[in-house]
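Have a look at the structure below before the remarks.
The values are calculated or read from the model by the stated rules, or taken from the named source; none is laboratory data. It should be emphasised that the depicted structure is a prediction, and the values quoted were computed from it without experimental measurement. Don't worry about glycine lacking a Cβ; one is built from the backbone with ideal geometry, like all the others, and counts go over all protein chains shown.
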């Protein structure tokens, strides 16, 4: 109900805004039309030229002053009309409005015709009810009279007023009808906007109440459709993060319970006298404590890295030397499992900006993961080569490989491609997650690949480290 009230209020505000804009447009149209029509009545026509009497008065008096009289003005009449014109009116439009070609004369102070648009000078002076007169004055001295027969429209002044009223009424009525239709259409269009917003508002309220499975329909490809699609992606991301959070809590509880249960069982057996207090039994407890401490430290490292709070001691680092040390440290483990461990390093690798301890942890996790998943008589190869703007490092094994469905999850926390594996054989599921976070903290990226089943075995982890970490 609250969402409906909010949406209705928004619809009313938007519709009212459209109505105000339309109303202002109608008023402006009526005013401009009336003024324009009234202005047209003040003109008369000469050879399709629209001319104001005041402007023609000015051009005629200037011509009189230039010629020192009316002699020669008749010859310049066409140029004077062009100079005084406001524009031209087409013949068809002029016929529709009832316009005709006005007859214009100039008579001097003796009453003689000295200028005539008909071209006849010394003819009879215009007379009749439709003849209008304007004085022609030069240096405050009257020099003649401008005579115009008829007006722009074949009406009297009273009839012109009636025409103005009729035009104003017609435009106002047309504007009101158009305005009502426009407001109705605006209301419908606004409803098309507010309805998806109401749906989004309702869905947002459901998410705020904890329902992360809610989605909204995407009904268009415009901005509102993109907003709905983005909202759905956000809701999906929130749902995924919530599932990951719950899984994380369950996984942490499970991983902590196992070593704690071992410690508790051993201690209780010691207390009950079932186990003698020998060095071997205490060593078993110590082993579980070490495992528990490592798990807690891995969780702390992963949490700091994901929160962007992992402190890196960045300095120029010889990655080739670091890799050689790490590979040498794992040689004995590889030999004991009858696994060939090889290193391929390109020459003249440039130094990078990195934290040697953290990148050593990355290599340690990758090599440990590769050796645990490689059977006897298998091979693990570490390759380091220069790449554009950085260095690439690839750890390849000949183990059982990774299923295509698992490739996108191998860097997730507590994820094991083989659910049957336990900690002793598969680890806690944090090693690769830490690898990704530490590599990304250095501005790099890491990916896992594995050939399709039936072609070959093994998997490869490729990471890229830039020469200089961007701040």
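Details
- Residue within the stretch 214-223 that is under 28 Å from residue 412 (Cβ atoms), out of contact with any strand residue (DSSP E or B) (no Cβ under 8 Å at 6 or more places or on another chain), assigned by TED's automatic domain parsing to the domain that holds residue 275 and at pLDDT 80 or above present: no
- Matching option when the condition is surrounded by fewer than 17 Cβ atoms within 10 Å (Cβ to Cβ), more than 30 Å from residue 244 (Cβ to Cβ), within 42 Å of the chain's Cα centre (by Cα) and modelled with pLDDT of 90 or more, among 342, 386, 328: 386
- Being farther than 23 Å from residue 48 by Cβ, at pLDDT below 80 and surrounded by 13 or more Cβ atoms within 10 Å (Cβ to Cβ) holds for only one residue in 86, 161, and it is 161.
- Listing of helices (runs of 4 or more DSSP H) fully contained in the stretch 398-461 that carry 2 or more residues being at pLDDT 85 or above and crowded, with 21+ Cβ neighbours inside 10 Å: 431-441
- If you go through the stretch 119-132 and keep only what is closer than 25 Å to residue 71 by Cβ and surrounded by 12 or more Cβ atoms within 10 Å (Cβ to Cβ), you end up with 121, 123, 125, 126, 131.
- Test set (1) touching a helix residue (DSSP H, G or I) at 6+ places or on another chain (Cβ under 6 Å); (2) part of a helix (DSSP H, G or I) - residue 216 fails condition number: (2)
- Among the numbered conditions (1) under 53 Å from the mean Cα position of the chain (by Cα); (2) at positive phi, the only one that residue 369 does not meet is (2).
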